[in-house]
Structures are given as C-alpha cells and as structure tokens.
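Report on one structure; see the data block that follows.
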Amino acid sequence: MSADSNVAGVGVNGAKENHLINFIKDNATLIALIVLVVGLSFADDAFFTARNLSNLSRQVTIIGIIAVGMTMVILIAGIDLSVGSVVGLSAVVCTLMMQWGVPTILAVPATLLIVGVGIGLWNGFWIAKFNIPPFIITLGMLTIARGLALTLTNGSSVPVTSNVFPLIGGAYIPPMLSSIVLIACAALAVYSIFRDVQQSKAHGVEVNMQELLVNGAVMIGGFALAFHVFTSYKGIPVPVAIFAVIAFAGIYTLNSTRFGRRLYALGGNEDAARLSGINVVRTKMIVYTVISVLSALAGIILASRLNGASPNLGTMFELDAIAAVVIGGTSLAGGSGKVSGTIIGALLIGVLNNGMSLLGVVTFYQLIIKGLIIILAVWFDVMQKK
Amino acid sequence: MSEVVLKMQGIIKDFPGVRALNNVNFEARSGELLALMGENGAGKSTLMKVLSGVWPYPTYEGDIFLRGEKVRFANTKEAEAAGIGIIYQELNLIPGLSVAENIFLDRQFTDAKGRINWNQTFAETQKLLTELGINDIGPTDLVQNITVGKQQMVEIAKALSLKAEILVLDEPTSALTDKEVKDLFRIIRKLKADGVCMCYISHKMEEIEQIADRIAVLRDGQTIGEVTPIADITLDQIIARMVGRDIKDMFPKVDFTPGEVTLEVDNLSVTNPDLPGSYLVKNASFVARKGEILGISGLMGAGRTELVGGVFGAYPDQTTGDVKLNGKELDIKSPKDAIDAGIALLTEDRKALGLFLDKSISFNTTISSLETISSKVLGIINTQQERKVVKEYVDQLGVKTPSIDTVIGTLSGGNQQKVILGKWLNSRPDVFILDEPTRGIDIGAKVEIYKLLNELVQQGVTVIMISSELPEVLGMCDRILVMCEGEIVSNFERDDAKKEAIMAYATGSA
Ligand SMILES: Nc1ncnc2c1ncn2[C@@H]1O[C@H](COP(=O)(O)OP(=O)(O)OP(=O)(O)O)[C@@H](O)[C@H]1O
Ligand SMILES: [Mg+2]
C-alpha cells in the first residue's frame, strides 16, 4: 500500500482566499501588533522615537521573562499564580541581603537559589507528587510569598546600597558593541534558516514557503528596528539582552529538545505521557522551578531598575504574564503553544500600555481596554479552533 | 423486497492532502443490516459522518436521498431529526456525567416550567438498559466509573433512544464482551424486524456472517462492486474486494523454538482502588521466553490489562509482587523504569492512553524513545534523523497518510494503531507486551502485524499478546495463559490449546 495512493488534488476552488484567511489566522497577534505600532506612530510623535522604544523594550522584559516560564507552565496544562509575589519576595530578599553586607555578586545567585528554586520546588512538589491542582497551590503561594516579603521588610521599602546592583536593570551595552552583537545574531539567524532549508531539501521535505517568508520578514524587520533603536539611543539595555537570551533559550528548548517535547506530550495527554515513559513528577517539578527562578530574576531586575525594593512589587504581574501567554496563542488546556507567540503577546501588552500612557488615556480605562483585548484574544483562539 | 430508504450518490469528500471519498454510490433498505467493509482508511467512517451531518453540505460533493427525497444536513441535529442515529467509532460520552445524563443529553424530560424530570429520565434510562440486557450498571452511575465495554453499551442505548429509522454502527463491538455482543445482536435482530435500516461497520468477519443481510465494500474511497446479498458472496471474495488481492494465510505462524526464560513474574497482585480489600489481579505468576509469543486469553474484565499494566509499572501504588528480567530482579516504580529495562506496552485504550491526538505522526512515533534521536548532553533533537526513523516505520507498517507531519487524530482508527505500533517498535524492547493489538485493524493489516510479530520473535524478542479473539490467540501464540476473575487459571501449550477448553477456563466453568 503506498502512502500517496489516496492523495488527490485538493479542491482548487477558493484555495487563494483560504490562503489569505489562513495567513491572517496564523499571524493574527503579529498583525495586531504591527497595526498597533503603525497606528500609534501616527497618533503620537513621541511613540516612534528611539528613546521611547528603548524604554518600552526595557519595560517589556520583566513580564516577558516571567511569561516565557508561564508558557511552559500553561503548556503542561498548569498555572502559576504566585509569580507576582515571587517577584516581590525576591526583590526584597536580594536588597536586604545587600543591606546586610552581602556583595551583589553573591546576593543575586543566592536569591535565585533561595527564592526561585526554593519556591519552585515547593510548588512543584505538591503539584507533581500529590496531584493538588496548581491553581490552589500557587494561589496559596501568592499569599505566602507576599506575606513573607511584608514580614521581612516590616511593610516598608528597602533602598539599594550597592552601586553595582543598579547596573543589572539600568545599564546599556555600548552602541558599538551592541551593533556588533546585533549583526552577529542576525547573521547567525539567517545562516540557521538557510541551513534548515538546505537540509530539508536534501531530505526531500517540502518547505513551507509562506512560513519561511513570514519568519524571514519578521526577523529582518525585527533586527532592523532593533538596530535602529539601540544604536541611536545608548545601546542595548542589559535587561533586554537578558530577556533575549532567555526567550531564545525558551524557544529552542520547546522546539528542539527532548525536554520541550515532553512538555507538549504532558500537556496533550498526561496518562499517555506517563505510559510513554515520561517522568511526569520530575518534569513538572522542573517546570515550576524554572518559572519561579525566572520570576525571581524578574524581581531582581525590577529592584535594580527602581533602585530599591518595596514588598508590594510585582502585584498582579501574574495576570499580565498569563495574558501575554494567552494572547500569544498558547492554549490554556495545555499541549499547544509557542514562546515566540508569547513574546509577541508581551510586546503587544507593552506597546498598548506605553501607547495608552503616551496618549494620556486614564489608567482606569487602560485596565478596561487591556481586559477587553485579553477576552478578544481568547475568543479569537476559540473561534479559530472551530 | 423492502423499500430503499437511504441512497448515497457520487459522494466525494476531500481533506487537506487526502481524498477520503471518491465517488461513493450505495443504497440501503429498511429492515436490513448493510455491512460496510473496507481496509483502514478506506473511508467508511467518513462516509457515515457525511450521512450524519458531521461533515455538512457543502464540505462534500454528491447527493443523499432519504426515501427518495434529497437531503442536505447542515449539522448533526438536522440529521438526527431526519431519523439518522449514529454510534461513532470513538466514544463520545462525557465522563463526569451519569449514564442517564449522557443518554438524554440535551433531551431530558422536562415539565411545563422547563425543570428536568429526573425520575422519568432515570426510568427511561433504566428501561433502555434492561432492554439491552445490562444489569450491572444503573442510570445514576458516572460514565467515568464504568468499563469501556459498558460505555460502548451506553452509546448504543443512546442511539436506540433516538428511535432512529437509519442506525449507523461504526465498529460497535470492538470493546464488548461476548455476552454484550450477544445482547447487541439480539437488539439488532429486533430492530430489523421493526424495519430499521442499519449500516454496520466492522472488521470482524464472524460478526458479518452472523448478522449482515447485504454487504458493500469500500476501497480507497470508492465502492467496489455492487451491494451484494451475503448469501451470494464468500468470505474470500469479500476480502479480495477489500484489499484488492487474495490473502492465503490468515495466521502465518512460523515455528520457532523458544529460548531461555526472560520475563519472570512472581505473585503479582493489583488491588482495586475503588473497592479496598479486593483485587483486580491476584497472585499471578508466569514466565515468558525469548522468542515466543505468549498469549493471554480471557473475558473482558478478567484482569488481563491490569496484569500487564502491573508488570509495566502503570499503577505502582496498587501493585505488589516480583518481576525479573533475564534473571535480574527489577524494581519497576513507573512505566519509565519498565521501558528503561526493555519492556514495552501497547495499551488497549488507544485514545485515552496511547495517543497525542493533536500531534503529528512523527511526534507520536518518537515520544517514547527520544533518547535515540537526540544528543546525550542537552537532549537536542536531530530532526533529520527523526524524520528518517519515522518514515521507515510509516513505510514498513503501511500507514496510510499524506505525510509524517499529519496530525494523528485525522488518521483512520486502524492507521492510528499502526503508528502506535511503530512507536513501541522504535523503543526496541526485549519484551513487547501488546494489549489487543489488532483491535479495529483490517484483515490485510492484521496479517502484516502477525508477520511483524513473527519477525520480532525471530530476532529474540519476547512477545506477550492479550487478545479477546480466540482464533488469533490460537493461530499465533506458542503458549496461552487463561485468566478468570483476576487469576491465571491455566496455561496451554500451543498443541493442546482448544477453543472449548480455553472458553471453559475463561468463564470459570472448568
Ligand atoms: N478530520 C480529518 N481530517 C483529515 N483527514 C481525515 C479526517 N478524517 C478522516 N481523514 C482521512 O480520510 C481517510 C478515511 O478515513 P476513515 O476514518 O473514513 O477510514 P475508515 O474506513 O473508517 O478506517 P478504519 O477502519 O481504520 O476506521 C483516511 O485517509 C483519513 O486519514
Ligand atoms: Mg473508521
């Protein structure tokens, strides 16, 4: 029996309009982002300036870093509501340690370890070992971590005493070095796409031209924009560089590693995953640890940028992170989603926040609009699946 | 001759990359059971889904006539209203709801104010269950707590409750016990007498012989030959129409002398989580040898699935007993431990326990052996190598698919099974346990699977096969264990195994 005996011409009629509709469906968030950016550029002169965009990119990193972890959590049909509190706790713990005289270079990894790994393992342990719904465990941790942060500081803010620490969130990679880094990354990206295409051709795999073109265009556009923004205003902000590394690692892990595959399997069908030899407990523990460590890192960056930590830092961040993931097309039911979508989702939220502030939209309205957009995104996702 | 109630003409149905139906023509009469036969992926289920409005007009081409009148359904509700009931190949019940709620989903009996009349709903359900001869489940039992076979019976009850004029049954017996099949056939005969027209899809030839009046064969989305009365056609002719060639030897068993003992199971028990103190498997001990096919026979619910699941580490908290492989004591705490030790288990419940439905063939094939296609250190997957491996299995097993990137949920049931088989072959097991491996698989593919099992034993693999089909066990196994109520009650060598004796042990009457 040959595989192609059943392959016949698919209805040629309407193939063209289907293409367009599918294209829009596949790239809806991206298109929304571009439309928003273009619209805002016309609406306010201050928007499309290197300075504003550079600041915007730095603002996005905090939620972006958490959202990369949240993508993995939601991918395995879980949820982590404690991320915002972990941000606050880690900011407080790190700054307090420095106040006690611990040097920055030790305080940062110690915080990642104690707050990030500690809370992550705790969450993961109950969720994975005892099958307690992640919603409950992390909801509990949301309160516990916030309470700890308040207890440790007695409710007041902690100033930063170190002069190295503020660099994490506030420094820039010099423009010259930035351009070299950007060009090198762009070259690498082009090379890897080129190699993929070559290999696919060599193995007789059909290359999806449309996807290739979109990816190529987005990459070229992205790099060109980044180049323009970062070389004309101070260089790449350090937190943006950190976020870029984390985002890349996230994309690569989900796309190309065993671990990534297992996450998709786990979210798709947990029983089948277990019977396929996946160590469910370990995998879940790792995922919840990863997101806690990333949240702790986000907390450190935030404290550094603000030059101090208040125990209330990070309040409601879980909602923005979840929103970024969902807008980015990851299914809350688990099993399908991408980090690249999440990044676009985070950018969309960031641009929206930034744009609305520039246009002077009252904060209260901003909240309402953001909520509506989240609902719209989910509705779109549901409709698309029908 | 009775009236033609259903006529389908020139039906064409395309899926991306596949023409599933390519000009199908057939008709069915009232009071008859029309058997719809064909290989996996021939388009049987798709044809019935066109009929029942799952694929509404105009997603297909062609015409459907009910009693001579042209109909075009926009959805399943319309088809239902027109008197078409269907029992799908895959179960479609809601696990968290009761039997009654499932049967009368969206059609509960209500009073004038629109409140549900539960008493009547339960009473009607009970009536249906009694009619079907089901007395061990009640209307209020949750679907998730009853066996797959019983769930299938609930589906059947649901279809009956529609009082359809045309009833489609897509492989309804694949999960039923012999008794349940008998009850179903009794009902079918009654429906025939009432003038109901039934379209019946099955890969089981004995069933077709028993209850079919006429037979239509599909191959590659086309009707082959005319609709033929069952009396006018032989089994071999049916098979030839289905596969386009003759199959000479249904059970191509090769004689091969089994080697030393590989798997030793000692005193394995599995407790019943729903009923503390009782056992699903009780003190089971057996050995399996290198290069033999060991059959495990028994009725559904005899504990066969739980026995092999216990060996495989599927329920570590409920399992006690010792498992040795090649003389070495194993400490299996999870399926992963079992797989690492060289044991593979192809599960019975494909949809719930085997498949990642919305993932590709490729994903499904390599998920249990990712180590073999990825780097040691960071676990980076070599996509090219993966494609190569998957292609090999797809070709070897004859999976009918446009590409290896096709989502597995869109394959026909039988082809899904082949992919899962490939998945476990790829983990290169020393002991390969297969739970109902040929369920829902067409005759041609069955023979291919038997040949594959032969090859495996010749390579020194220990094969353990659970099967409810006695001819298959008798035809292919070197040794047969019989289970009854959680215990292994006898052990037959190939030459001593007789159908009657096995049945006697399986039913506990020996
Ligand atoms: N939803 C779908 N999307 C894409 N292709 C589909 C879909 N459903 C069925 N197909 C394809 O249509 C063909 C016919 O499938 P169908 O399920 O009708 O086969 P079948 O005769 O019922 O086989 P089996 O005996 O294995 O159940 C197959 O090639 C299958 O892959
Ligand atoms: Mg089918």
When chain A is treated as a GNM, springs tying every alpha-carbon pair under 10 Å, which of A:183, A:374, A:349 comes out with the largest mean-square fluctuation?
A:183
Place +1 on the Cβ of every Lys and Arg and -1 on the Cβ of every Asp and Glu in chain B, take the dipole about the Cα centre, and give the residue among B:104, B:202, B:429 whose Cα lies farthest towards its positive end.
B:104
Label-point separation in nm, residue A:207 to residue B:509, each point 7 Å along Cα→Cβ:
6.9
On average, how many beta carbons from a partner chain sit within 10 Å of the beta carbon of a residue in B:72-80?
0
Could you order the peptides A:194-203, B:356-365 from most to least packed, using the average number of other C-beta atoms within 10 Å per residue?
B:356-365, A:194-203
Once you charge only the Cβ atoms, +1 for Lys and Arg and -1 for Asp and Glu, what is the size of the charge dipole of region B:4-243 about its Cα centre, to the nearest 20 debye?
480
Residues of B:380-393, mean number of Cβ from any other protein chain within 10 Å of their own Cβ, rounded to a whole number?
3
When chain A is treated as a Gaussian network with springs between alpha carbons less than 10 Å apart, the largest mean-square fluctuation among A:145, A:224, A:241 is found at A:224
Rounded if a/c is under 1.5, else prolate if a/b is larger than b/c, else oblate: which is region B:200-253, with a ≥ b ≥ c the root eigenvalues of its Cα gyration tensor?
oblate
If you plug each phi of region B:256-269 into the Karplus form 6.51 cos²θ - 1.76 cosθ + 1.60 with θ = phi - 60°, what whole-Hz ³J(HN,Hα) values come out, in order, with x for Gly and Pro?
7, 7, x, x, 6, 5, 9, 9, 10, 10, 10, 6, 7, 10
Just want to confirm a number: the relative contact order over region A:48-152, from Cα pairs under 8 angstrom separated by 6+ residues, in percent.
38
Between the alpha-carbon centers of region B:48-119 and region B:1-16, tell me the distance in whole angstrom.
18
Any chance you could check the Cα centroid distance between region B:337-392 and region A:358-378 for me, in angstrom?
44
Please list, in order along region B:311-320, the HN-Hα scalar couplings obtained from phi with the Karplus expression 6.51 cos²θ - 1.76 cosθ + 1.60 (θ = phi - 60°), rounded to whole Hz, x for Gly and Pro.
4, 7, x, 6, 10, x, 6, 9, 9, 10
Lys/Arg Cβ at +1, Asp/Glu Cβ at -1, dipole of the protein assembly as shown taken about the Cα centre: which of B:139, B:38, A:150 is farthest positive-ward?
A:150
How much FRET efficiency would the formula 1/(1 + (r/R0)^6) give for residue A:46 and residue B:407, where r is the Cβ-Cβ distance and R0 is 60 Å, rounded to 0.05?
0.80
Treating only the Cβ atoms of Lys and Arg (+1) and Asp and Glu (-1) as charged, compute the dipole magnitude of chain B about its Cα centre; round to the nearest 20 debye.
1060
Taking the Cα-to-Cβ direction at residue B:377 and at residue A:31 and moving 7 Å from each Cα, how far apart do the two end points lie in nm?
4.3
About the Cα centre, and with charges only on the beta carbon of Lys, Arg (+1) and Asp, Glu (-1), how big is the dipole of region B:355-428? Nearest 20 debye, please.
120
5 Å is the cut-off here: which amide hydrogens, built 1.01 Å from N in the peptide plane, fall below it relative to residue B:62, excluding neighbours closer than 5 in sequence?
B:12
Give the relative contact order (percent, whole number) for chain A; include only Cα pairs under 8 Å separated by 6+ residues.
35
Mind checking the full-extension length gain between residue A:361 and residue A:99? Use 0.36 nm per residue of separation minus the Cα-Cα distance, one decimal, nm.
90.4 nm
May I ask you to order B:135-142, B:310-317 by the average number of other C-beta atoms within 10 Å around their residues, highest value first?
B:310-317, B:135-142
Students often get this wrong, so check it: of B:13/B:49; B:49/B:351; B:44/B:351; A:201/B:376, which have C-alpha atoms separated by over 21 Å?
A:201/B:376
Amide H within-cut-off set for residue A:173, under 5 Å, with H built and near neighbours excluded
A:236, A:238
Take peptide A:260-272, look around each residue's Cβ out to 10 angstrom, count Cβ atoms belonging to other protein chains, and average those counts.
5
For chain B, what relative contact order do you get, as a whole percent, if you take Cα pairs closer than 8 Å and at least 6 residues apart?
16
Using 1/(1 + (r/R0)^6) with R0 = 60 angstrom and r between the beta carbons of residue B:275 and residue A:191, what's the FRET efficiency to the nearest 0.05?
0.45
Across region B:190-201, in residue order, what do the Karplus-derived ³J(HN,Hα) couplings come to in whole Hz, using 6.51 cos²θ - 1.76 cosθ + 1.60 with θ = phi - 60° and x for Gly and Pro?
5, 4, 4, 4, 7, x, 6, 9, 10, 10, 10, 9
Label residue A:369 and residue B:4 with points 7 Å out from Cα along Cα→Cβ: what is the distance between them in nm?
6.5
Please list the non-local residues whose amide H lies under 5 Å from the amide H of residue B:217, H modeled 1.01 Å from N, same-chain partners needing a gap of 5 or more.
B:37, B:224
May I ask for the distance between the Cα centers of region A:141-173 and region B:472-488, given as a whole number of Å?
67
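Readers should treat all values here as calculations from the given coordinates under stated rules, not as data from a laboratory. As the structure is a computational prediction, the values presented were derived from the model and not from experiment. A quick note on method: Cβ atoms are made from the backbone with ideal geometry, for glycine too, and the neighbour counts reach across all protein chains shown.
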